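Read the structure below first, then the notes.
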Amino acid sequence: MTTPRADAVSAAVTDAVLAVPGVACLRPGLRGLLHAAVRRPGAVRVALDTTGSVRALHIEIVARSQYRTADVARAVRAAAAGAAAAPPAAVKVTVTGLV
């Protein structure tokens with residue numbers, strides 16, 4: 001079960017990540033759209049501590065091949081940390097594919 005706070009953080013992070021140059025989409029892509037009615041897509045996972053602050057954030061993306069993947073992942077990490085008001089060390093970015 002998710003909380004309204006986690007949903008809000010997830011939405012803000014999703015918007016910030018999709019604005020990063022070199023990001024094609026979040027990992028679930030089409031599969032996430034098909035399953036959206038059943039469950040929340042897992043490309044952005046938020047863990048909150050007892051005070052409601054972001055404890056951990058995991059993001060799975062598909063990157064564009066014409067960009068350096070490491071640079072895209074670093075930019076995603078910075079954008080997500082800013083959007084979630086979380087320390088960069090709490091953000092984990094996984095690149096699951098290239099297009």
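The values are calculated or read from the model by the stated rules, or taken from the named source; none is laboratory data. Quick caveat: nothing in here was measured; it's all calculated off a predicted structure. Neighbour counts are summed over all protein chains in view; Cβ atoms, including those assigned to glycine, are modelled from backbone coordinates with ideal geometry. Surface areas here come from the heavy atoms of the whole protein model, side chains and all, with no ligands, DNA or RNA. Shrake-Rupley method; radii C 1.70, N 1.55, O 1.52, S 1.80 Å.
Here are the numbers for the structure shown:
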item	result
Near pairs, Cβ below 6 angstrom, 6+ apart or cross-chain, from the stretch 75-99 (open to solvent by 50 Å² or more (accessible area, probe 1.4 Å)) to any residue that is of a type in the set (D, E, K, R)	PRO88/ARG77; THR96/ARG27; THR96/GLU60
Single match in VAL76, VAL20 (criterion: part of a loop (DSSP other than H, G, I, E, B) and at pLDDT 95 or above)	VAL20
Output for the stretch 23-51, where each listed residue is exposed (fewer than 14 other Cβ atoms within 10 Å of the Cβ), outside any helix (DSSP H, G or I) and modelled with pLDDT under 65	ALA36, ALA37, VAL38, ARG39
Residues satisfying the stated conditions in the stretch 79-99, i.e. of a type in the set (A, V, I, L, M, F, W, C) and not in a helix (DSSP H, G or I)	ALA85, ALA86, VAL91, VAL93, VAL95, LEU98, VAL99
